[in-house]
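Presented below is the structure to which this report refers.
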Amino acid sequence: MSRRERDDAALEAEIARLPDLGHEDLRKRWKLLFGRPAPKSLRRKFMARAVAYQMQVAAYGGLSAATKRRLREIAMAVHNGDRRGVFSGVQIKPGTQLIRQWQNTTHTVMVLDDGFALDGRTYKSLSAVAKAITSTNWNGYAFFGIKRAARGNKAAAGSKRDSRLMNQPDSEGGARVPSRNSNERDSRA
């Protein structure tokens, strides 16, 4: 078993023990991981889940900056009642015609304000249009060759084994989550 596999197994074991910890032990873990005391109103079960998530973030990395930004945009759009902001992404202007040849047949799709029209029928998504044409599941944007904006580098979040998390004794002073040298390379190929 590689060191990475041992570290992963130790982290899983530590997370599995969290639901058995008392309120005070979970509060200590919370403070260690979040850098501030846990809100007094939190129930033990929720605290255990939040601590487990934060342990995984410390070990493997969290959401990318682009994902966090997009989530904030969605939250603001929901707060403001802006449905378009929630579903924004690649925006195709209504009136645009998408043309795709499939099995010697040319298909013309009209972009509407609230969907897409093909052969007199209205579809809610391009994927539904692609399925109607091909009878198989397709990503509609890929099927019609529409390029999406480049996303942030998913690897940028990277592995962030956090020293605040590592080598912390459990409530009985027993098992510890092993630390990993940040200069080590993954043994997985």
* Which of the residues belonging to the stretch 112-137 are within 29 Å of the chain's Cα centre (by Cα), open to solvent by less than 90 Å² (accessible area, probe 1.4 Å) and not polar (S, T, N, Q)? -> 115, 116, 123, 126, 128, 129, 130
* Determine which member of the set 57, 51, 78 is in contact with a Phe, Trp or Tyr (Cβ under 9 Å, 6 or more places away or on another chain) and of a type in the set (Val, Ile, Thr). => 51
* Applying the selection to the stretch 43-68, what residues are open to solvent by 100 Å² or more (accessible area, probe 1.4 Å) and under 16 Å from residue 9 (Cα atoms)? -> 53
* Structure fact -> The residue from 179, 163, 171 that alone is at pLDDT below 50, open to solvent by 70 Å² or more (accessible area, probe 1.4 Å), within 30 Å of residue 62 (Cβ to Cβ) and outside any strand (DSSP E or B) is 163
* Asked: Could you say whether any residue in the stretch 84-104 is open to solvent by 50 Å² or more (accessible area, probe 1.4 Å), in contact (Cβ under 8 Å) with a residue 12 or more places away in the chain, outside any helix (DSSP H, G or I) and touching a Phe, Trp or Tyr at 6+ places or on another chain (Cβ under 6 Å)?
  -> yes
* Within the stretch 1-12, track down each residue that is closer than 19 Å to residue 54 by Cβ and open to solvent by less than 40 Å² (accessible area, probe 1.4 Å). => 7, 8, 10, 11
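The values are calculated or read from the model by the stated rules, or taken from the named source; none is laboratory data. Note that the structure is predicted; figures quoted are calculated from it, not measured. When we count neighbours, we look across all protein chains shown, and the Cβ atoms used for this are built from the backbone with ideal geometry, even at glycine. Areas reflect the complete protein model, heavy atoms only, side chains present, ligands, DNA and RNA absent. Shrake-Rupley method; radii C 1.70, N 1.55, O 1.52, S 1.80 Å.
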